[in-house]
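Asks: Got a structure for you, written out below as structure tokens; questions coming shortly.
The values are calculated or read from the model by the stated rules, or taken from the named source; none is laboratory data. Being a predicted model, the structure only gives us computed values, none of them experimental. Cβ atoms come from the backbone with ideal geometry, glycine included; neighbour counts cover every protein chain shown. For accessibility, only protein heavy atoms count, side chains too; no ligands or nucleic acids. Shrake-Rupley method; radii C 1.70, N 1.55, O 1.52, S 1.80 Å.
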Amino acid sequence: MPEATGAVQAAPPGDSTGSGRPARGKRALGPVALVVAGGLSVQFGAAVAVLLMPRTGALGVVSLRLALAAIVLLAVCRPALRGHSRADWGTVIAFGAVMAAMNCLFYQAADRIPLGAAVTLEVIGPLALSVIVSRRLVNLLWAGLALGGVLLLSGGGFDRLDPLGTAFALGAGAMWAAYIVFSARTGRRFPQADGLALAMAVGALLALPLGIVESGSKLLVPSTLGLALAVAVMSSVLPYTLELLALRRLPAPTFAVLMSLEPAIAATAGFLVLDQALAATDALAIALVIVASMGAVRTQIGRGTPKSGPNSGPESGPESGPESGPESAPAQTPAPARGEAGEETL
């Protein structure tokens with residue numbers, strides 16, 4: 001999930017160290033490895049969450065994950081509660097509400113359909129946002145590819161997947177798109193990760209009553225709390241930290257393209273942890289959505305690139321990061337974690 005990507009500033013294009021020296025060779029692989037590790041953490045954390053659902057239900061998992069992640073982030077960030085305007089608080093409350101809704105919908109989907117399919121359908125939300133924002137004809141191609149992938153994943157009709165699970169995943173995608181918008185606004189109003197920590201707390205307060213109603217005292221079982229803490233760390237805290245380090249040395253457009261691989265990582269996690277095997281058509285469908293997402297990202301990069309010379313590449317545009325708004329890339333997170341995205345980050 002995308003909440004893994006908070007209000008962090010990407011390194012200027014071509015500057016991987018913050019000192020103006022371009023990354024080359026093996027040094028350039030470091031931040032890429034951090035992003036991939038963050039994606040692995042988010043999706044394997046989601047797989048662990050699915051294992052936890054028989055104990056607490058989907059809403060119980062969401063409430064524990066957000067509450068524990070909020071406790072960790074508040075302890076680490078220690079955001080100031082004073083000195084913020086009414087508009088600042090309105091933004092962070094809206095951000096938290098969207099975060100809670102996105103997680104509730106996603107985990108309801110993951111409880112009903114394979115993890116790879118859930119993430120693939122969820123990615124449609126940020127992809128649609130990118131296409132709408134870009135307003136370029138070529139993005140119709142990426143939208144068509146994504147639609148083809150979704151139809152292929154559903155076998156021509158969503159009866160092959162649980163219809164309710166499919167609806168939840170698409171709803172989570174819509175919330176992911178809203179998450180990108182409010183993540184950008186929050187990042188402009190709060191320093192560092194303060195806005196993310198406060199929004200996580202708001203999301204936890206909204207989700208916790210739902211988890212209590214669904215699971216009650218089951219949420220307090222020590223082994224359940226231990227697994228929930230693992231989910232919170234894997235899906236929010238750890239990927240946020242890894243992506244924060246990566247974005248200091250990696251251009252945001254490259255980060256966005258790497259985040260497009262999340263459906264493939266989710267399918268792998270589902271196979272290894274949950275024994276959710278993929279048919280050939282499922283793998284092809286996921287590949288189509290990944291290609292569509294990457295294409296939309298690269299189109300956005302080209303749109304924002306100043307034509308200052310023949311050597312102006314797609315990563316030579318203005319500095320951008322997850323707080324720079326949905327125009328910078330459809331795969332920001334973010335988490336969220338994604339986490340999950342990030343938790344970060346189509």
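Asks: Out of curiosity, is residue 331 open to solvent by less than 10 Å² (accessible area, probe 1.4 Å) and at pLDDT 50 or above?
Replies: Judged against the criteria, residue 331 is not a match.
Asks: Does residue 206 count as part of a helix (DSSP H, G or I), open to solvent by 40 Å² or more (accessible area, probe 1.4 Å) and modelled with pLDDT of 95 or more?
Replies: yes
Asks: Sticking with this structure for a sec: Of all the residues that make up region 82-120, how many are outside any helix (DSSP H, G or I) and either within 21 Å of residue 231 (Cβ to Cβ) or at pLDDT 95 or above (or both)?
Replies: Looking only at that region, the number is 4.
Asks: Can residue 68 be described as under 27 Å from residue 219 (Cβ atoms) and either part of a helix (DSSP H, G or I) or open to solvent by 30 Å² or more (accessible area, probe 1.4 Å) (or both)?
Replies: Yes: the conditions hold for residue 68.
Asks: I've got another one for you. Collect the residues in region 274-316 that are of a type outside the set (A, V, I, L, M, F, W, C) and at pLDDT 75 or above, keeping them in residue-number order.
Replies: Residues satisfying the conditions are 275, 276, 281, 282, 295.
Asks: Can I ask one more? Of everything in region 241-273 that's at pLDDT below 85, hydroxyl-bearing (Ser, Thr, Tyr) and open to solvent by 20 Å² or more (accessible area, probe 1.4 Å), which residue is farthest from residue 129 (Cα to Cα)?
Replies: 241
Asks: Tell me the residue from 226, 171, 211 that is small (Gly, Ala, Ser), at pLDDT 90 or above and either surrounded by fewer than 19 Cβ atoms within 10 Å (Cβ to Cβ) or in contact with a His (Cβ under 9 Å, 6 or more places away or on another chain) (or both), please.
Replies: The conditions single out 226.
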